1. Tell me which residues, restricted to region 21-45, are within 18 Å of Ile187 (Cβ to Cβ) and in a helix (DSSP H, G or I).
2. Where in region 115-183 are there helices (runs of 4 or more DSSP H), lying wholly inside it, with at least 1 residues that are on the phi > 0 side of the Ramachandran plot and not β-branched (Val, Ile, Thr)?
3. Starting from residues that are within 9 Å of ligand 1 (Cβ to nearest atom) and assigned to a helix (DSSP H, G or I), keep the ones in region 1-20 and report whichever is modelled with the highest pLDDT.
4. Can you tell me which of (1) away from ligand 2 (no atom under 16 Å from the Cβ); (2) in contact with a helix residue (DSSP H, G or I) (Cβ under 9 Å, 6 or more places away or on another chain); (3) open to solvent by less than 70 Å² (accessible area, probe 1.4 Å) is the one Tyr79 doesn't meet?
5. Any idea which residue in region 87-103 is farthest from Thr202 (Cα to Cα), counting only those that are open to solvent by 50 Å² or more (accessible area, probe 1.4 Å) and in a loop (DSSP other than H, G, I, E, B)?
6. Among the residues of region 144-171, which ones are open to solvent by less than 20 Å² (accessible area, probe 1.4 Å) and either aliphatic (A, V, I, L, M) or within 12 Å of Gly4 (Cβ to Cβ) (or both)?
7. Return yes when Asp189 is within 16 Å of ligand 1 (Cβ to nearest atom), among the acidic types (Asp, Glu) and open to solvent by 40 Å² or more (accessible area, probe 1.4 Å) and no when it is not.
Amino acid sequence: MKKGIIFDLDGVIVFTDKFHYQAWKEMADELGVYFDEVINNRLRGVSRMDSLEIILERYDGTLSQEEKEALAEKKNTIYRKLLGTMTPEDVTEEVRDTLRKLRKNGCKLAIGSSSKNAKYILERVELTDYFDAISDGTNITRSKPDPEVFLKAAEFIGEAPEDCMVVEDAYAGIDAAKAGNMTAVGIGDASGYEKTDYPIQTFAELLRL
Ligand code: BG6
Ligand code: MG
C-alpha cells in the first residue's frame, strides 16, 4: 500500500458521464453537429475545452475563440443543473467505507480530477471531508494525459510521486499517472489497459493492494 492515494473523480467515485453526455448532446444538437455515446467516451478525463474541440471535429464551419468559450459555458450551465440533482446516495456505501478504512490505515487521500466542478460534485454527495486535498481543473494548466493534476495532488498531501498510487478509469488518466512516476490502479475501462499496474474490478479491492 502506498502512503498517498489519488483518486480520479468521474468514473471512479461518482458517475457523471451521463450528465456530461446529456449536456454536450443538447449543445451539439443546437449546433447541428452529430454526437453520440462513442464520441462521448473519448471525452473521459479530457478538459472541457479539449472536449469541445473533439466534438467540433464534425462541425463544418469555423468558430472564433469567443464563440467556442460561449459554447463551453452553455454546456457547463446545463451540466451544473444536472449535477444539482446529485445527492449523497449517488456514492455507494462500498466507496465511503473503503475511503474511511484507507484513511484509518494511515493513507493520505486526494482527488486528482480534470474537472472544474470537482468541489461542487464532492459537496453535493457530501464527500469533501473524506479527502486531505483536492487537485482539480482549477489548479492546472495542462490536462491528462499530462501528469500535472496528479503531481499537484501529491504535493498537496506532501508525498513524493513514487509513494503515490492513482486510481483511474480513463486511459488518459493511467498515462498521466505513469508519466508522473506513480503506480496506476485501473478500474472500469482502465482495468483492461496494458499500462495499468494493478487492474481492479471493485472499489473495495483497494484495501488488498
Ligand atoms: C473530467 C471528465 O473529469 O472532467 C471529462 O472525465 C470532462 O469528461 C472534464 O470534460 C472537465 O470537466 P468540467 O466539469 O471542468 O467541465
Ligand atoms: Mg474518470
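1. If the condition is that a residue be within 18 Å of Ile187 (Cβ to Cβ) and in a helix (DSSP H, G or I), then Asn41 is the only one that fits.
2. Numbers: elements: 118-124, 148-157, 171-179.
Output list is empty.
3. His20
4. Only one criterion in (1) away from ligand 2 (no atom under 16 Å from the Cβ); (2) in contact with a helix residue (DSSP H, G or I) (Cβ under 9 Å, 6 or more places away or on another chain); (3) open to solvent by less than 70 Å² (accessible area, probe 1.4 Å) is unmet by Tyr79, namely (1).
5. Thr87
6. Hits for region 144-171 are Val149, Phe150, Ala153, Ala154, Ile157, Cys164, Met165, Val166, Val167, Ala170.
7. On the way: within 16 Å of ligand 1 (Cβ to nearest atom): yes; among the acidic types (Asp, Glu): yes; open to solvent by 40 Å² or more (accessible area, probe 1.4 Å): yes.
Considered against the rule, which asks whether it is within 16 Å of ligand 1 (Cβ to nearest atom), among the acidic types (Asp, Glu) and open to solvent by 40 Å² or more (accessible area, probe 1.4 Å), Asp189 comes out as yes.
Here's the yes/no breakdown for (1) open to solvent by 50 Å² or more (accessible area, probe 1.4 Å); (2) of a type in the set (A, V, I, L, M); (3) within 16 Å of ligand 2 (Cβ to nearest atom):
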| site | (1), (2), (3) |
| --- | --- |
| Leu9 | no, yes, yes |
| Val14 | no, yes, yes |
| His20 | no, no, yes |
| Met27 | no, yes, no |
| Glu30 | yes, no, no |
| Phe35 | no, no, no |
| Val38 | yes, yes, no |
| Asn41 | yes, no, yes |
| Met49 | yes, yes, no |
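The values are calculated or read from the model by the stated rules, or taken from the named source; none is laboratory data. If you're wondering where the values come from, they're calculated on a predicted model, not measured in any experiment. Note that each Cβ is placed from the backbone with ideal geometry, even for glycine, and that neighbours are counted across all protein chains shown. Protein only, heavy atoms only, side chains kept; ligands, DNA and RNA dropped before computing areas. Shrake-Rupley method; radii C 1.70, N 1.55, O 1.52, S 1.80 Å.
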